[in-house]
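Have a look at the structure below, then the notes.
The values are calculated or read from the model by the stated rules, or taken from the named source; none is laboratory data. Values in this document were obtained by computation on a predicted structure and should not be read as measured data. Methodologically, a virtual Cβ is constructed for each residue, glycine included, from the backbone with ideal geometry; neighbour enumeration extends over all protein chains shown. Note: areas computed on protein heavy atoms with side chains; ligands, DNA, RNA excluded. Shrake-Rupley method; radii C 1.70, N 1.55, O 1.52, S 1.80 Å.
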Amino acid sequence: DAGITQSPRYKITETGRQVTLMCHQTWSHSYMFWYRQDLGHGLRLIYYSAAADITDKGEVPDGYVVSRSKTENFPLTLESATRSQTSVYFCASSEPGLAGEETQYFGPGTRLLVL
Amino acid sequence: RKEVEQDPGPFNVPEGATVAFNCTYSNSASQSFFWYRQDCRKEPKLLMSVYSSGNEDGRFTAQLNRASQYISLLIRDSKLSDSATYLCVVRPGGYQKVTFGIGTKLQVIP
């Protein structure tokens, strides 16, 4: 009953380094999402995926890359980390329902600090 | 105008009080509405969906006013454990993407 997990939970890196945040879900949900949460902005969508090999940009995609080769995994890569990418990153998943009331289930988050 | 607007608070209320939050949305085509709860340094979790007819879950009541484009959350008999940030979430019809409000922080005081 793992649900949705993220790793690492905490990460400190330096400006210019590549960083990959992992997200894994065990429900076989079709949709997966990456958000960042910052004070004063709330949750903002970075990228989302409707199925394996289908991804699309969200509100703040610049500087990030995603892939989804398997339904259960949705890694987020910061190609060249910047200080402005210091944030808490949440992964979420959902499955479309007939009533449109589907819930997004969130992972525990990754706290990233870019020095 | 932001897609979803909430008063960030904090709302400081005594135990047992009734408190209400509103959330306005700008897209009149929005079809699904939710309240999520987020505890400090934790992930958001669904509190309740908001239906057109309004809905109640124990001490929590959610209402939707399409004409004025806002949703509300009423908490009766506040408990210390209700202290959290409440996120308003709006989804346009036909899409899985949702928009989160900034959240309203509630602090219930003994």
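Around the Cα centre of chain A, unit charges on the Cβ atoms of Lys, Arg, Asp and Glu (plus for the first two, minus for the last two) sum to a dipole of about 480 debye. Accessible surface comparison of A:65, B:19, probe 1.4 Å, protein chains only, largest first: the order is A:65, B:19.
Within the protein assembly as shown, the cysteines lacking any other cysteine Cβ closer than 4.7 Å to their own Cβ are B:40.
Here the protein assembly as shown is assigned +1 on the Cβ of each Lys and Arg and -1 on the Cβ of each Asp and Glu. Its dipole about the Cα centre then comes out at about 420 debye. The mean number of Cβ atoms from other chains found within 10 Å of a Cβ in peptide B:97-106 is 4, as a whole number.
Using bins of 10 Å that start at zero, the share of Cα-Cα pairs per bin across segment A:73-112 amounts to 24, 40, 25, 11, 1, in whole %. Only Cα pairs within less than 10 Å get springs; with that Gaussian network setup on chain A, which residue of A:105, A:47, A:35 has the largest fluctuation? Looking only at A:105, A:47, A:35, the largest GNM fluctuation is found for A:105. For segment A:65-105, trypsin sites (Lys or Arg not before Pro) are listed when DSSP marks them as loop and at most 16 other Cβ atoms sit within 10 Å of their Cβ; the list is A:70. Accessible area per residue for chain A is 48 Å², calculated with a 1.4 Å probe on protein heavy atoms, without ligands, DNA or RNA. Averaged over the residues of peptide B:71-83, the number of Cβ atoms from other protein chains lying within 10 Å of each residue's Cβ is 0.
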